[in-house]
Each structure stands twice: as structure tokens, then as C-alpha cells.
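Structure first, commentary second.
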């Protein structure tokens with residue numbers, strides 16, 4: 001017999017750089033779930049699990065991007081408190097938010113990636129050596145932040161040095177720029193959804209173009225050869241599995257002009273407004289937004305029911 005939770009608690013906000021996006025995503029998720037469930041939307045102001053939650057009655061749906069959402073800290077706290085929750089577990093979240101660690105997993109399963117180096121803000125970096133190692137066109141981005149936060153595209157050691165001097169604290173990835181355009185594919189319960197093409201004005205899909213209406217064109221399903229789309233989808237599932245993901249994720253690639261694709265990163269809590277990339281990917285297979293959100297909870301429902309069954313067994 002399946003035991004259902006009394007309530008779904010949707011967590012949004014948080015202390016990260018993508019707080020505003022998270023709030024919009026959480027509101028959209030909560031609205032969709034209210035069609036069939038009792039839902040409480042909790043907007044977090046800081047990295048702290050809210051009070052008043054009951055693991056014997058509630059499941060949690062985190063919709064917090066970046067810090068205290070995708071870094072595994074919130075997930076570890078939920079696990080320690082005995083909550084069933086939607087999305088990847090703590091270990092997987094810690095792995096996937098670390099772009100370099102995720103790329104190492106990709107290399108182990110033979111997915112192509114761009115060469116990279118990691119520098120720490122404030123440390124002296126040999127920019128000439130980095131250019132010699134990685135090439136003259138480079139991308140600089142934080143090792144562990146949201147997908148478009150702090151993204152810089154530079155040419156040559158002079159521009160690289162100027163950017164590195166202005167970086168905020170933490171570790172940053174300097175990556176060889178791969179020419180092409182972004183594509184992304186959602187994975188739901190281990191199965192690939194549709195491929196979405198991302199065509200930003202100016203050619204760089206940074207934070208501004210990601211969230212400024214009209215600055216980016218999206219094609220979904222992608223207008224690419226079927227064989228290319230299937231290869232992208234297959235590699236998305238391969239990485240989802242290799243990283244130990246569960247429930248859902250979104251995997252980003254660069255599609256080169258020759259049709260080859262290069263892995264960029266994996267998002268364990270992707271944007272979830274009705275016009276975000278994961279819903280676009282799901283719509284390619286006929287999923288309405290509300291149906292997608294419901295499916296994203298399936299694993300949490302099963303884990304909640306299993307936990308209740310175990311607790312009900314008498315010694």
C-alpha cells in the first residue's frame with residue numbers, strides 16, 4: 001500500500017546569486033502542485049532548514065539554485081532529519097555543482113570536454129602559461145555556482161589577467177572556449193527528454209542573455225539531425241547515471257559546427273518557471289508543465305512511502 005504525504009513543502013530563495021530566479025521557479029512549482037496536493041511554499045532568507053516541518057508527514061521539493069540548493073548542504077540536512085525530498089541526493093549534488101569534478105566523471109565515461117585549469121581568486125596566475133595551455137579564446141566561470149553566474153569570455157593573456165584580478169573569492173575555472181552553440185537536455189527518472197537549442201544574441205549565453213526577454217532564441221525540439229539529437233540524449237543519460245543522479249537533472253553541451261558535442265555541466269536543480277529550459281525539454285515529449293512537476297515528485301513519493309512502511313514494521 002502506498003502512503004502519501006500530507007503536504008509538499010516547496011523551498012525557494014536561499015542565499016545564492018540566483019535567489020530571484022529561485023523564487024520564481026519555486027512559485028511556479030508550488031502553483032503546479034497545488035492542483036493535486038496540499039502545498040506550502042517557504043522562501044528561505046538564509047542557509048537554514050526552516051522549522052515546522054515534519055518528516056513523517058511532509059516531503060520537500062527544493063527549488064534553490066546554487067548555494068544551499070545544489071551544493072548538497074541542504075540535502076544533507078534533509079537526510080539527517082529523515083525527510084524524503086525530490087531531486088538528487090547530497091553526494092550527487094556535491095559532485096555535480098563542482099564543474100571540474102563533473103567533467104572528470106565525463107572523461108571517465110568517454111564524454112568529450114574542453115580542457116581547463118582552476119585558479120583561486122587572489123592568487124597570482126601565470127596568464128601566459130594558461131593561454132599557452134588552453135588557447136587564446138577562454139571562458140572563465142566559478143567552479144561551484146549556477147550555470148551562468150560570473151561567466152566571462154576573454155581573448156589573450158591581457159584580457160584574462162584583467163578578469164582574474166576582478167574575480168570574487170573562491171575557485172574559478174579557466175576553460176578553452178569551444179565554438180558552437182549551446183544545447184541542453186533534461187533527464188527525468190533516467191530517461192532523456194528533448195534537446196533544446198539555445199541561440200543567444202551575440203553568441204554567448206551569459207546570465208544577462210539567459211534572463212533578459214528577447215535576447216535569446218530557443219528551438220525545441222532542436223533543429224538538428226536526428227542522429228545528433230540521439231547522441232546528445234544518450235550522453236546525457238550516461239552522465240546522469242555516472243554521477244549518481246536521481247529523479248531529474250538537466251545536462252548542458254556545446255554543439256560544434258561539425259555536429260560533435262562537448263559536455264559543459266550538469267544542473268541538479270534547474271530553473272522551473274514555465275518557460276525555463278527543463279520544461280522546454282519536457283515539452284518536446286508532450287509533457288505539460290504541471291505533468292512534469294508531478295513526475296519530478298515521483299521518486300520522493302516512493303521514498304516517503306518506503307520510509308513509512310519501514311517505520312510501521314514492529315520488531
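No lab work stands behind these numbers, since they all come straight from the coordinates. Small disclaimer: the values here were computed from a predicted structure and weren't measured. No Cβ is skipped: glycine too gets one built from the backbone with ideal geometry, and neighbour counts run over all protein chains shown.
Sequence gap at least 6, Cα distance under 8 Å: using those rules, report the relative contact order of the chain to the nearest whole percent.
21
For residue 258 and residue 306, a Förster radius of 41 Å and the Cβ-Cβ distance give a FRET efficiency of 0.30, rounded to the nearest 0.05. The distance linking segment 234-301 with segment 162-178 is 27 Å (Cα centroid to Cα centroid, whole angstrom). Can you figure out the FRET efficiency of residue 35 with residue 275, using R₀ = 25 Å and their beta-carbon distance, to the nearest 0.05? Result of the calculation: an efficiency of 0.85. Axis angle, to the nearest 10 degrees, between helix 226-242 and the longest C-alpha principal axis of the chain: 60 degrees. With both labels modelled 7 Å from their Cα along Cα-to-Cβ, the residue 47 to residue 155 distance reads 3.8 nm. Over the residues of the chain, the helix contribution to mean residue ellipticity at 222 nm works out to -10500 deg cm²/dmol, using -39500 (n - 2.57) for each DSSP H run of at least 4.
Taking 0.36 nm per residue of separation and subtracting the Cα-Cα distance, what length does fully extending residue 288 through residue 6 add? Can you show the working numbers first?
Values: separation 282, 0.36 × 282 = 101.52 nm, distance 2.45 nm.
The span from residue 288 to residue 6 would gain 99.1 nm if fully extended.
Here the Kirkwood formula, the inverse mean of 1/r across different C-alpha pairs, assigns segment 116-176 a hydrodynamic radius of 11.2 Å.
Angle of helix 156-165 to the longest C-alpha principal axis of the chain, folded into 0 to 90 degrees and rounded to 10: 50°.
Evaluate the relative contact order of segment 116-176 (contact order divided by residue number), counting alpha-carbon pairs under 8 angstrom at least 6 apart; express in whole percent.
52
Normalised by 2.2 N^0.38 Å, with N the number of residues, the alpha-carbon radius of gyration of the chain equals 1.01.
The Cα atoms of segment 13-160 define a convex hull whose projected area, averaged across directions, is 11.2 nm². For the pair residue 73 and residue 166 in one chain, pulling the backbone fully straight at 0.36 nm per residue adds 30.7 nm over the alpha carbon distance.
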